[in-house]
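To start, the structure itself, in structure tokens.
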Amino acid sequence: LVNDTMMTHPIHLHGHFFEVVNGHAGRHPRKHTVNVLPGGFVRFDLTADAPGDWAFHCHLMMHMHAGMFNVVTVRPLDGDAA
């Protein structure tokens, strides 16, 4: 996730936790919100195991209203219960 702006963005994913891949072997903190610094980036691994429609957005209200809001849809694999 790349932040090509001059502001920090607290990015939040509803319904899931992700593991931050930070270059430190064996230390991958589980988060649902992460601050992406200006000009920075964050790598994370996500196991999308909660079916549904989930908000993925910047936690700053004015940024959400400006378009930093999306919906991530997670569907069960064929044969899995919904």
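The values are calculated or read from the model by the stated rules, or taken from the named source; none is laboratory data. Nothing here was measured: the structure is a model prediction, and the numbers come from that model. All Cβ positions, even for glycine, are placed from backbone atoms using ideal geometry, and neighbour counts span all protein chains on display.
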Self-check item: Subset of the range 18-39 [part of a loop (DSSP other than H, G, I, E, B) and surrounded by 14 or more Cβ atoms within 10 Å (Cβ to Cβ)]
Solution: H28
Quiz prompt | Filter pass, D78 being loosely packed, with under 12 Cβ neighbours inside 10 Å, out of contact with any His (no Cβ under 9 Å at 6 or more places or on another chain) and modelled with pLDDT of 95 or more | solution = no
Quiz prompt | Residues of the range 41-70 that turn out to be loosely packed, with under 11 Cβ neighbours inside 10 Å, within 22 Å of V20 (Cα to Cα) and aliphatic (A, V, I, L, M), as a count | solution = 0
